[in-house]
Structure formats: structure tokens, C-alpha cells
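Taking it in order: structure first as C-alpha cells, then the write-up.
The values are calculated or read from the model by the stated rules, or taken from the named source; none is laboratory data. The shown structure was predicted, so the numbers you read here are calculated from the model rather than taken from an experiment. Heads up, the Cβs are rebuilt from the backbone with ideal geometry, glycines too, and the neighbour counts pull from every protein chain shown. Remember, those area values only see protein heavy atoms, side chains included, never the ligands or the DNA or RNA. Shrake-Rupley method; radii C 1.70, N 1.55, O 1.52, S 1.80 Å.
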Amino acid sequence: RVLRDAAGVIFTSEQERLEARNSFWLYRCREKVSPLGLDPPKPVPPRIREMFPAKFPQIRNTRVLLFLGRLHPKKGCDILIEAMPRSYDGENAVSLVLAGPDQVGWERTLRSRATQLGIESQVVFTGMLTGEMKQSALANAEAFILPSHQENFGMAVVEALAAGLPVLISDRINIWREIDYDHAGYVESDNLAGTTRLIERWMATSATDREVMRTNARASFARRFQIDRAVESILTILAEPPRGQ
């Protein structure tokens, strides 16, 4: 009754709206979609850009894939390590940066697995990043990657778009439809095969197409997720006349 009689029920993404329809068999409501938003980032000066490689010099001269989030099984950190390429070197040397707090004591296991696979030098654990160091990590990454098993929205994905990073994500992140439509990254399933395809597709993307995708990422953020757009969206919904008027 609460949903049925409401003037509107607001979801933060199209996927969230669609999945809500399966909540219960009497489900009925006036659906609206209004995304969350962020302030646009400021330009990153050279001093800040250099901070991350200065602290983690092993990423220099590599193609950096950046994960921002909790080290948690829900986020797919384990399959990220399993999917990492073992044969790229030279111009295609790749580093995986796992930036986030270890809330469940999982880092030791992840480090051990990277060592077993012989890629310990390619996987960088940074702990939680904030402020200028987080800005620097985003500025030094080539792409953002998150093969999460479930995300209601995916604010870290939006942060990456704001920084002009193409996003490599699973189809369990509820804004995947928007990313796919805007050609702002690649979307695959949330398993090892899908995550491996994400990395392989990105590594095979030409420099020209990577630059196009960076432009698309910034445009997607500006059009959908910049805070002004989010405010306009919610205000438009709130200004709609009540049902029946």
C-alpha cells in the first residue's frame, strides 16, 4: 500500500527500477529514476599527480588498472587477481592497484594468491586512499575496474567517470546500462571468465579508442551524474503534479 499509494517511488538507476519489480507479487508503483551525483573534480596539478608513483614506484611505466573499494568478497577482488595477465610486458606491462580498507582480514589471502600466481610485483595494495593521494591514484590510472557481485549504485564508478577514466565493470553494478549506452567502458559478467574478458578487451583497445572512451567517460559523468544534473532530476520529479490532478 505504501508503494501503490505514493506519488512516486524514486530509484537511483534503471537497473534498480527493473529489479524492484520482482520484490513481491503485488508490487505496483509510479516509478521514477533519479541518479546520485558528485561535484565535478578540479584539475590535478603535477605535484599531486606525482604523489602516487612516488609512493608506489612499481607502477611506473605500466598500464594501471585501479580498483577503489573495500577488500571484500562482494567486490570480486579475488577474481581480479585470478584474471590478471601473466604474459604482458614492455609497453603492455600492467599493474593492478587495489585501493581500499581491509575490513574482513582478506588482504593476506589475496597477497598469498598473487604470490602463488607469480604476479605479486604487479598487484599493489595501498590501503584506503583519501584526499590528494586518491586524486593522484585516479590521475595515474588508465582505467577503473570493478567486477563486483552487487552494487546498488556504484559511487566509485562515478568517481572514476568524473576523473575521465573508462570503467571496466560487471553487470551486477546497477548503473551498468548507462555505462554501456554511453560507451564509457566495458561490461561483462561477474565471474572469472567475464573479468578476464574485461581486461583482455581493454588491453586490446587501441590508443585512439582508449582516448575516445576517456572522452565518453567525462561526458557520461557530466550528462548523468554531475551533482547539478542530479539536483535537477530530483527537483523535476518533486515538481510533478500529484496523481489524478
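Results, tabulated for the structure shown:
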item	result
Surface accessible to a 1.4 Å probe, residue 196 within the full protein complex, Å²	40 Å²
Ranked order, 77, 29 - accessible area, probe 1.4 Å, largest first	29, 77
Integer Hz, Karplus 6.51/-1.76/1.60 couplings in order for the stretch 164-170, x for Gly and Pro	x, 9, x, 10, 10, 9, 8
Amide H contacts under 5 Å for residue 93, placed H, 5+ residues apart	63
Per-residue [θ]222 nm for the chain (sum of -39500 (n - 2.57) over DSSP H runs n ≥ 4, rounded to 500)	-11500 deg cm²/dmol
From phi via Karplus (6.51, -1.76, 1.60), per-residue ³J(HN,Hα) for the stretch 68-84 in Hz, x at Gly/Pro	10, x, 5, 7, 8, x, 4, 7, x, 4, 5, 6, 4, 5, 4, 7, 4
Correct choice for mean projected area of the Cα convex hull in nm² that was computed from the model, options (1) 13.2; (2) 14.0; (3) 14.8	(3)
Within-14-Å neighbourhood charge of residue 50 [Cβ basis; K, R +1; D, E -1]	+3
Mean accessible surface per residue for the stretch 97-245, computed with a 1.4 Å probe while every protein chain stays in place, in Å²	47 Å²
Exposure rank, largest accessible area first [133, 84; 1.4 Å]	133, 84
Residue-wise HN-Hα coupling along the stretch 8-18, computed from phi with Karplus coefficients 6.51, -1.76, 1.60 (Hz; x: Gly, Pro)	x, 10, 9, 10, 8, 7, 4, 5, 4, 4, 5
Within-10-Å neighbourhood charge of residue 34 [Cβ basis; K, R +1; D, E -1]	+1
Amide H partners (placed H, <5 Å) of residue 76, local residues excluded	149
For the stretch 1-90: accessible area per residue (Å², 1.4 Å)	59 Å²
Residue 11 long-range amide H proximity, modeled H, under 5 Å	32, 33, 34
Qualifying GluC sites (Glu not before Pro) for the stretch 1-81 [loop in DSSP, other Cβ within 10 Å: at most 15]	50
Two-site label geometry, residue 204 and residue 22: point separation in nm, points 7 Å out along Cα→Cβ	3.0 nm
Under the Debye formula (equal points on every Cα, no solvent term), log10 I(q)/I(0) of the stretch 103-172 at q = 0.11, 0.19, 0.26 Å⁻¹	-0.34, -1.00, -1.23
Portion, in percent, of the accessible area of the chain that falls on carbon or sulfur, probe 1.4 Å	51 percent
Solvent-accessible surface (1.4 angstrom probe) belonging to residue 63, in square angstrom, nearest 10	20 Å²
Rel. contact order, % - alpha carbon contacts under 8 angstrom, at least six apart, the stretch 1-107	23 percent
